[in-house]
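Before any comments, here is the structure.
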Amino acid sequence: MSPEAVSPEGGATAVAPRGEAAIRTIAMPADANPAGDIFGGWLMAQMDLAAGNVAARRARCRCATVSVDRITFLRPVHVGDEVSLYADIVSVGRTSMTIQVDAWRRSRDGEEQVKVTDATFVFVALDQGGRPRLVPSA
C-alpha cells in the first residue's frame, strides 16, 4: 500500500516520503499529553535532530539550527506510533543549508504511513571555534 499524505483540509493525496529516512523512533507515553497525543515540541525536536544529522553529513562538520521557517501539524501522532522522519536538502548556500523535513507515522498494528508534519529548517556550518564556515561542494 502506498503512503498517504493528508492535506490541511483533510483530503488524502497519494505521495511517498521524499528525502532520506534520517530517523525512525517510537512515540512513548512520556512524550504525550493526557489525551494520548504526542506533544508538538517533541515532534519538532525529532525533526530538528533529523535535519541536523543530514546537515552535518553534507557539510562534514558541526552544524547549528538557524531557523525553522514554518512547521505544519497535519495529523496527530499517538503513543505507540512509529515516527519516520525524512530529510531532503533543498538548497545549499555558502555557509548554510535549507532542509525540508517530513514526519510520517505508522500505527503499531498497520502498514499504512500517513504524513503528519512538515517543516523547513535552515542550518549553518560551523568551524571548531563556532564561527560560520563554507559548506564544501558536493
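The values are calculated or read from the model by the stated rules, or taken from the named source; none is laboratory data. All values reported here derive from a predicted model rather than from experimental measurement. Cβ atoms come from the backbone with ideal geometry, glycine included; neighbour counts cover every protein chain shown.
Screening the candidates Met47, Met28 for the property of being modelled with pLDDT of 95 or more and under 20 Å from Ser96 (Cβ atoms) yields one hit, Met47. The residues listed here are Pro76, Pro3, Pro17; of these, the one that is over 22 Å from Ala125 (Cβ atoms), in contact with a Lys or Arg (Cβ under 9 Å, 6 or more places away or on another chain), surrounded by 14 or more Cβ atoms within 10 Å (Cβ to Cβ) and modelled with pLDDT of 95 or more is Pro76. Within the range 22-41, being in a loop (DSSP other than H, G, I, E, B) and out of contact with any Asp or Glu (no Cβ under 7 Å at 6 or more places or on another chain) holds for Met28, Asn33, Pro34, Ala35, Gly36. Determine whether the range 35-54 contains at least one residue that is of a type in the set (Gly, Ala, Ser) and more than 30 Å from Leu126 (Cα to Cα). Yes, there is a match, as at least one residue in the range 35-54 is of a type in the set (Gly, Ala, Ser) and more than 30 Å from Leu126 (Cα to Cα).
For the range 36-49, name all the residues that are surrounded by fewer than 14 Cβ atoms within 10 Å (Cβ to Cβ) and over 16 Å from Arg105 (Cβ atoms). Spell out how you get there, then give the answer.
So in the range 36-49, the residues surrounded by fewer than 14 Cβ atoms within 10 Å (Cβ to Cβ) come out as 36, 41, 45.
Within the range 36-49, just Gly41 meets the criteria.
Scan the range 88-106 and give yes if some residue there is under 20 Å from Pro29 (Cα atoms) and over 14 Å from the mean Cα position of the chain (by Cα), otherwise no.
Here is the first cut: in the range 88-106, the residues under 20 Å from Pro29 (Cα atoms) are 103-106.
With over 14 Å from the mean Cα position of the chain (by Cα) added as a condition, the list becomes 106.
Among the residues of the range 88-106, at least one is under 20 Å from Pro29 (Cα atoms) and over 14 Å from the mean Cα position of the chain (by Cα), which makes the answer yes.
Before we move on, is Ala51 of a type in the set (A, V, I, L, M), touching a strand residue (DSSP E or B) at 6+ places or on another chain (Cβ under 6 Å) and outside any strand (DSSP E or B)? Yes. So is Gly52 surrounded by 14 or more Cβ atoms within 10 Å (Cβ to Cβ), under 14 Å from the mean Cα position of the chain (by Cα), modelled with pLDDT under 95 and within 24 Å of Pro136 (Cβ to Cβ) or not? No. Among the residues of the range 90-138, those identified as over 13 Å from Arg60 (Cα atoms), among the small types (Gly, Ala, Ser) and surrounded by fewer than 22 Cβ atoms within 10 Å (Cβ to Cβ) are Ser91, Gly93, Ser107, Gly110, Ala119, Gly129, Gly130.
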